[in-house]
Amino acid sequence: MLTLIEKIIFLLLTIGCLGYSFVTFSKMFNVIGLGSNPLNWGKIAKNWKAGFFAFFSQKTLFKTRPVVGLVHAFVAWGFTLYLAVNVVDVLYGFIPDFQFFPNHILGDLYRLFVDSFSLIVIFGVAYFLVRRFIQKDNRLKIEKPVMLSELALSGMRFDSLLVGSFIIFHVGSRFLSASFEIAHSQSDWSQPGANLVAKLWMNLNPNTIVIMEHITWWMALGLILAFLPYFPKSKHAHLFMGPLNIMAKEERKSMAAIEKIDFEDETLEQFGSSRLHHLPQTQLLDSYSCIQCNRCQDACPAYVTGKELSPSALEINKRYFVNENLTDLANGKELDIPLTDWMLTEEAAWSCTTCGYCVEVCPVGNEPMVDILRVRQDLVMMEAKFPQEAMETFEKIENYGNPWGLSPKDREKWMEGRDVPLMREKKEAEVLYWAGCSGAYDSRGREISQAVVDVMNKAGVDFASLGNEETCTGDSARRIGNEYLFQSMAEKNKETFDQYKFKKIVTQCPHCFTTLKNDYAELGIDLDVVHHSQFIDELIGDEKIKPKPWMDEDVTFHDPCYLGRHNDEYDAPRNVIQSILRDGELIEMKQSKSESFCCGAGGGNMWYEVKTGERINQNRVNQAVETKAKTVAAACNFCNIMLEDGVKTTGNDENVNIMDIAEMVSKGLSS
């Protein structure tokens, strides 16, 4: 098809564009290589199936926004198909009379697929452009007071328009080229779309048709060559960097269980992340993987309630900062600019509740929450910049062994009137019951601890409590950023655990649950830990207890973030609730299970308040009220505290009752 001069020009253009692309792609990977904790390419290679599956199934897009996800999936599949189409088209241009399996079912199916997906991609991308530029979908916006760089504000629109236009013109030109080829030769049933368009050219001069076929061929192939060098700078890089990111993702015990800091290593000069190069390479890879879809902020409790944090803005700011300083960074220059000057504000860092929604919902495996935890470590241990209330919390944990600052000798007060064996007397038990700080000191927490003990006694469980020997797990210290204090508390608890024999730990606090089970494991302290919802569900399943159904009114359940998203447990608490329902039903809130909305207490926010925007717990209570259920079931002491406060401050205290699932079962066993 191509003339000799066209072939020469195409080869020269290909060499030039591929050479320039090598430069831009090299810069991209040089920037990623600037980070700490190098990528494990051996592990990445072994994890190829995860990336391959994510790339071809596009399954991660359907976690939320299923319709938009489906359109995006078809566009991705079509564009992926075009990788092969471009190769075939080059062969068609260079080899005279070349046809891909002519007069063969394989060739017919190929042409049918290409024709169909060409139209799907064109209309799909047009839909996305209309959605962004005409409909101006609010979900694609990042509202104030979130910090979003000026470069990102203008760059996102330009990049979206450029990428969208490129795809439409690239695919559209190839589609038109096929129609001119048909007009020049003969009708082709396997290309119904191009066949229909070809009818428009039937009356054109044959030479004009040939010229137009050449022009559209050049537009299709020329555009892809011209776009390749720009690829690493555009958000379109997520097409391949997303699957790579999924393959490279750190294997964590749970979402917030980051790696241990070795405080004995005297060569360490930095704790946490203060500058771009302090972030691990996986976190720099995140910025190139980001789709900029804003799914992560859809149910981010901080963003939804008008605070300065948007996990999406964090990744976008990271990407545009890299683009702005690409040459310096690619040459290995470590820029002395604090992350809090351009990635997120200090207040944004403190606004995170570590609910894990952003990590759960991201289609490409990004972990903006982990970035925030690392920034907090720097702010606490290097800069000493953190809320005053957080300092008071640290002091209380260090001096009293609990964030309430109450006497360690009062830990056993909740046991009054209950039969609670103590480990110091018993020495050995099947189950170590961990009440936790809130279960020992908070008035409602004490009632929940008593209910758990009542259930255990009714079931004949061989258990014991540490009583006054129990001390804080260090959860809040770690989430706020005081890793040193967390490790100190973990060592204290390990010394206590080593004195006794037990098979498993049961606790009603999801924060203690995930810290003991997952964070301690990062320190080499391996424990068998179960949440009280799981334990009670098992007791009911084994018929060791048979609670009497007594609830006649509807119940809605609030999923604790640290039980659900952090530990993937959604069924056990619901099974427990079902056991006590008589005439009432379990009504789900509009945001439940993996999409549940946080109560606002996680990430240390229990101990300090970010006053910008609305209160998170009030937002969640309003969702509960919308269900018309009279009782909100909880399975977390912190959630219980926040929900009860939210019920009072929204004026719903006479309409809504908050109960822990253990209290519900205990009532069913005593009635």
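A compact table of results
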{"read-out": "Cβ-Cβ under 6 Å pairs, at least 6 apart or on other chains, the stretch 319-346 side β-branched (Val, Ile, Thr), far side not in a helix (DSSP H, G or I)", "value": "Thr345/Met147; Thr345/Glu308"}
{"read-out": "Condition met for His236 (over 23 Å from Phe55 (Cβ atoms), in contact (Cβ under 8 Å) with a residue 60 or more places away in the chain and not β-branched (Val, Ile, Thr))", "value": "no"}
{"read-out": "For Ala572: the one exception among (1) open to solvent by 40 Å² or more (accessible area, probe 1.4 Å); (2) under 21 Å from Val455 (Cα atoms)", "value": "(1)"}
{"read-out": "Hey, Leu279 touching a residue at least 60 places away in the same chain (Cβ under 8 Å), within 17 Å of Gly33 (Cα to Cα), surrounded by 22 or more Cβ atoms within 10 Å (Cβ to Cβ) and in contact with a strand residue (DSSP E or B) (Cβ under 8 Å, 6 or more places away or on another chain) or not", "value": "yes"}
{"read-out": "Residue satisfying condition, being touching a residue at least 40 places away in the same chain (Cβ under 8 Å) and buried (at least 24 other Cβ atoms within 10 Å of the Cβ), within set Asn617, Asn640", "value": "Asn640"}
{"read-out": "Residue within the stretch 481-490 that is surrounded by fewer than 22 Cβ atoms within 10 Å (Cβ to Cβ) and either over 36 Å from the mean Cα position of the chain (by Cα) or without any contact (Cβ under 8 Å) to a residue 12 or more places away in the chain (or both) present", "value": "no"}
{"read-out": "Residue ID - most open to solvent (accessible area, probe 1.4 Å), chosen from residues in the stretch 427-443 that are in a helix (DSSP H, G or I) and more than 20 Å from Asp528 (Cβ to Cβ)", "value": "Ser443"}
{"read-out": "Filtered residue count, the stretch 540-589, keeping only those that are closer than 30 Å to Asn605 by Cα, assigned to a loop (DSSP other than H, G, I, E, B) and of a type in the set (S, T, N, Q)", "value": "1"}
{"read-out": "Qualifying residue in the stretch 254-275 (condition: surrounded by fewer than 22 Cβ atoms within 10 Å (Cβ to Cβ), in a helix (DSSP H, G or I) and not aromatic (Phe, Trp, Tyr))", "value": "no"}
{"read-out": "Hits in the stretch 452-479 - residues which are in contact (Cβ under 8 Å) with a residue 40 or more places away in the chain, over 22 Å from Asn399 (Cβ atoms), part of a helix (DSSP H, G or I) and open to solvent by 10 Å² or more (accessible area, probe 1.4 Å)", "value": "Asp454, Lys458, Ala459"}
{"read-out": "Unique residue being crowded, with 24+ Cβ neighbours inside 10 Å and among the basic types (Lys, Arg) when the list is Arg446, Arg376, Arg418, Arg424", "value": "Arg376"}
{"read-out": "Residues that are in contact (Cβ under 8 Å) with a residue 40 or more places away in the chain, touching a helix residue (DSSP H, G or I) at 6+ places or on another chain (Cβ under 8 Å) and either within 16 Å of Leu669 (Cα to Cα) or part of a helix (DSSP H, G or I) (or both), drawn from the stretch 521-539", "value": "His532, Ser533, Ile536, Leu539"}
{"read-out": "Yes/no for Lys49 being open to solvent by 40 Å² or more (accessible area, probe 1.4 Å), touching a Phe, Trp or Tyr at 6+ places or on another chain (Cβ under 9 Å), free of Cβ contacts under 8 Å to residues at least 12 places away in the same chain and of a type outside the set (A, V, I, L, M, F, W, C)", "value": "no"}
{"read-out": "Number of the condition not met by Ala624 [criteria: (1) crowded, with 19+ Cβ neighbours inside 10 Å; (2) in contact with an Asp or Glu (Cβ under 9 Å, 6 or more places away or on another chain)]", "value": "(2)"}
{"read-out": "Any hit, the stretch 195-217, residues being open to solvent by 20 Å² or more (accessible area, probe 1.4 Å), in contact (Cβ under 8 Å) with a residue 24 or more places away in the chain and of a type in the set (Val, Ile, Thr)", "value": "yes"}
{"read-out": "Hits in the stretch 311-340 (condition: more than 27 Å from Cys358 (Cβ to Cβ) and part of a helix (DSSP H, G or I))", "value": "Thr327, Asp328, Ala330"}
{"read-out": "In the stretch 218-253, residue modelled with the highest pLDDT [restricted to those that are of a type in the set (Phe, Trp, Tyr) and open to solvent by less than 40 Å² (accessible area, probe 1.4 Å)]", "value": "Phe227"}
{"read-out": "Test: Thr354 is under 24 Å from Gln618 (Cβ atoms), open to solvent by 20 Å² or more (accessible area, probe 1.4 Å), within 21 Å of the chain's Cα centre (by Cα) and among the β-branched types (Val, Ile, Thr)", "value": "no"}
{"read-out": "When residues of the stretch 12-44 are limited to those that are small (Gly, Ala, Ser) and in a helix (DSSP H, G or I), the one surrounded by the fewest Cβ atoms within 10 Å (Cβ to Cβ)", "value": "Gly42"}
{"read-out": "Residues (more than 13 Å from Glu315 (Cα to Cα), touching a residue at least 60 places away in the same chain (Cβ under 8 Å) and either part of a helix (DSSP H, G or I) or open to solvent by 100 Å² or more (accessible area, probe 1.4 Å) (or both)) located in the stretch 132-160", "value": "Arg139, Leu140, Leu151, Gly155, Asp159, Ser160"}
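Table: residues versus (1) part of a helix (DSSP H, G or I); (2) at positive phi; (3) touching a Cys at 6+ places or on another chain (Cβ under 7 Å); (4) at pLDDT below 95.
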site: Tyr484; (1), (2), (3), (4): yes, no, no, no
site: Met489; (1), (2), (3), (4): yes, no, yes, no
site: Lys492; (1), (2), (3), (4): yes, no, no, no
site: Glu495; (1), (2), (3), (4): yes, no, no, no
site: Gln499; (1), (2), (3), (4): no, no, no, no
site: Phe513; (1), (2), (3), (4): yes, no, no, no
site: Lys517; (1), (2), (3), (4): yes, no, no, no
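The values are calculated or read from the model by the stated rules, or taken from the named source; none is laboratory data. Because the structure is a prediction, the values reported are computed rather than measured. Methodologically, a virtual Cβ is constructed for each residue, glycine included, from the backbone with ideal geometry; neighbour enumeration extends over all protein chains shown. SASA here: full protein model, heavy atoms, side chains in, ligands and nucleic acids out. Shrake-Rupley method; radii C 1.70, N 1.55, O 1.52, S 1.80 Å.
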